[in-house]
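Some notes on the structure that comes next.
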Amino acid sequence: IPEQKFKAINNIPRQLSYKLLLNNGNEQTISVRVSKNEQGIITVKEKRKYLEEPLKEFKIVYPDELQGRVYIYKHRNEILYPFIATGNNRGRMHYLYNEEGIINPLPRKNVWFLLKEDFESSIDPDIIYERWIWEKYKLICINLKNTNELVIKNRQTEEELKIPCKLSFLVESDALIEDDFKNQMPLFAGNSIKIKAPTVNPSGWVIWIQNRQAGYKVITENWTGSEPLELKLPDYLPCECGEFQVDICEQKDGFPAETLFFRYIPYLQLIYPRSLIIPEANRGHKQEIIQILWERDFQDWELIIDKVFQYKYLENGYQVELSPEQNVLRFSLVKKDKPETKTGFQITLKRLKWKTSKDETWYDKPLHIQREELVTGTDFYLMICTNDFDTKYDLLAILETNGQKLQEAKFIRKDMTYNLLLNQFYDTIKKNNERMIIRLEIRIAGDKKLLNQVDVIHLPGITKEKREDKPLMPSVTVELSKKRKNMKNIRPDVMGGAGRIRKGKGFSKGEIIEAGMDMNDIRRLNIPFDKRRKSIYSKNVEILKSLKGGK
């Protein structure tokens with residue numbers, strides 16, 4: 001429940017109460033603290049309610065002091081939940097359905113989704129978090145800027161859910177400063193901004209600009225959207241700079257038709273490497289520099305940053321040093337004694353790194369892999385990370401020996417990671433005794449121009465005697481194959497919806513540990529493993545113990 005600010009008319013109690021009805025449960029009373037400043041502005045604090053299960057419906061009744069407003073929403077499809085990105089890794093829930101149960105179009109901008117397992121999007125996500133919400137939902141971010149329709153498809157049934165996308169309101173400026181939040185909460189440094197409307201509203205919109213600390217300011221009450229609304233800065237802001245929210249409200253009910261977010265700091269510059277950083281051969285990545293500079297008034301600003309980063313003062317700003325292991329810099333800037341001006345930033349350096357599916361750590365130097373690690377029937381991947389949210393690359397793996405190309409294969413993109421199944425090189429490696437290299441060739445997607453090349457894997461040479469002693473593909477008996485196949489059919493019991501027991505995809509890490517086993521046992525016995533599930537059931541532990549004992 002968001003923070004509220006208003007001018008006090010009568011005496012206001014120290015606490016206000018909301019009524020909340022959630023997922024057909026009992027009505028709850030939510031008490032919230034209230035404070036008053038010297039200007040007579042009342043602030044009702046933000047209140048959060050943790051959701052332990054998918055949201056189906058809710059009803060919130062505001063207290064009389066907040067006009068007793070009632071908000072009701074019913075989510076009619078648990079396939080996905082959309083959130084409009086607002087910067088600082090935050091998102092505001094988008095009501096996917098209106099009161100009649102009709103789908104509301106998605107805005108053509110960056111949108112976060114909780115997407116249920118077994119479903120996929122028609123558009124490749126820009127970001128995929130390896131984290132599961134409510135055990136069944138993955139968090140992804142999709143840029144819908146150039147999309148008229150988003151299609152969500154069930155991988156099992158091929159059924160599709162089609163969601164229209166429409167143009168939305170836009171805030172822009174000629175003086176845009178880029179960081180990771182540029183699409184969700186753009187940073188401006190000029191003297192003005194423009195707000196553009198997707199349609200014309202003859203009755204006009206009311207425009208508010210808010211700052212969490214400084215309150216709000218009404219800009220206009222009758223903007224029709226026929227022309228962009230130009231606002232001079234900082235004249236139209238509730239404070240001189242900082243983070244701001246623009247509410248574009250309907251005249252009839254005062255509810256926001258759209259909410260935009262932006263940051264404003266005059267005279268600011270951010271200088272840092274913006275293209276893909278390729279590590280030096282056999283030396284890896286080097287220290288990189290990020291400069292935060294002002295044209296004037298630098299002495300008025302403070303830098304708030306984690307102690308793990310080294311920084312120093314410059315004549316007109318700060319210089320932050322990032323070690324080869326540090327890829328993401330998060331920091332804030334605030335004017336001295338003016339907390340309302342605090343502004344958050346995030347900068348990700350696009351450092352190229354790689355690892356195999358057997359590694360936990362990302363590397364920036366060539367990996368030395370033994371031939372025995374390539375085993376028929378066991379998937380072995382090479383993964384490349386670009387740390388680049390905005391640019392898509394065409395990556396090619398080239399297997400070479402003595403400067404001669406033996407085989408090529410393309411990587412498949414997933415989020416900012418590109419994957420290649422190394423097993424496809426198996427036969428070529430087996431036939432060749434020489435020392436071999438897997439070289440990565442990098443091009444920007446759609447551009448034939450070569451961007452760079454880097455060695456990522458070294459495979460040692462091998463003598464015939466050594467080959468006979470240690471064959472590349474260990475022999476596997478038919479009896480063992482049958483046993484592994486049987487193990488693969490063993491499924492654990494897990495708790496499903498409404499308390500029902502269902503068969504899970506695999507045993508959890510906790511169950512494996514409780515049974516006195518490790519991942520080597522799981523791979524050896526070919527027992528299904530579900531890395532996403534965290535629950536532990538005693539029945540599943542007993543099943544694993546029996547498998548370990550050969551029963």
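The values are calculated or read from the model by the stated rules, or taken from the named source; none is laboratory data. Keep in mind that this is a model prediction, so the values were computed, not measured. A quick note on method: Cβ atoms are made from the backbone with ideal geometry, for glycine too, and the neighbour counts reach across all protein chains shown. For the accessible areas, the whole protein counts, side chains as well, though only heavy atoms, and no ligand, DNA or RNA atoms are used. Shrake-Rupley method; radii C 1.70, N 1.55, O 1.52, S 1.80 Å.
Of the conditions (1) in contact (Cβ under 8 Å) with a residue 60 or more places away in the chain; (2) under 30 Å from Ile209 (Cβ atoms); (3) of a type outside the set (Gly, Ala, Ser), Trp132 satisfies every one except a single condition; which number is it? Against the list (1) in contact (Cβ under 8 Å) with a residue 60 or more places away in the chain; (2) under 30 Å from Ile209 (Cβ atoms); (3) of a type outside the set (Gly, Ala, Ser), Trp132 comes up short only on (2). Of the strands (runs of 3 or more DSSP E) contained entirely in region 349-447, those carrying at least 2 residues that are in contact (Cβ under 8 Å) with a residue 40 or more places away in the chain fall at 353-356, 381-385, 393-401, 412-414, 436-444.
How many residues are open to solvent by 30 Å² or more (accessible area, probe 1.4 Å), out of contact with any Pro (no Cβ under 8 Å at 6 or more places or on another chain) and either in a strand (DSSP E or B) or polar (S, T, N, Q) (or both) when one looks only at region 193-217? Residues that pass the stated criteria total 3.
Scanning region 377-390 for residues that are in contact with a Leu (Cβ under 7 Å, 6 or more places away or on another chain) and among the polar types (S, T, N, Q) yields a count of 2.
Checking each residue in region 38-59 for being surrounded by 11 or more Cβ atoms within 10 Å (Cβ to Cβ) and either small (Gly, Ala, Ser) or closer than 29 Å to Pro238 by Cα (or both) picks out Ile41, Ile42, Thr43, Val44, Lys45, Glu46, Lys47. Of the listed requirements (1) at pLDDT 90 or above; (2) over 22 Å from the mean Cα position of the chain (by Cα), Thr376 misses just one: (1). The residue that is farthest from Ile429 (Cα to Cα), counting only those in region 398-418 that are in contact with a helix residue (DSSP H, G or I) (Cβ under 8 Å, 6 or more places away or on another chain) and open to solvent by less than 40 Å² (accessible area, probe 1.4 Å), is Ala409.
Taking Val320 as the residue in question, decide whether it is part of a loop (DSSP other than H, G, I, E, B) and either among the aliphatic types (A, V, I, L, M) or in contact with a strand residue (DSSP E or B) (Cβ under 6 Å, 6 or more places away or on another chain) (or both). The answer is no for Val320. Give me the residue from region 66-97 that is closer than 20 Å to Glu160 by Cα and over 18 Å from the mean Cα position of the chain (by Cα) and, out of that set, most open to solvent (accessible area, probe 1.4 Å). Filtering first and then ranking leaves Arg76. Please work out if Tyr313 is open to solvent by 20 Å² or more (accessible area, probe 1.4 Å) and assigned to a strand (DSSP E or B). Considered against the rule, which asks whether it is open to solvent by 20 Å² or more (accessible area, probe 1.4 Å) and assigned to a strand (DSSP E or B), Tyr313 comes out as yes.
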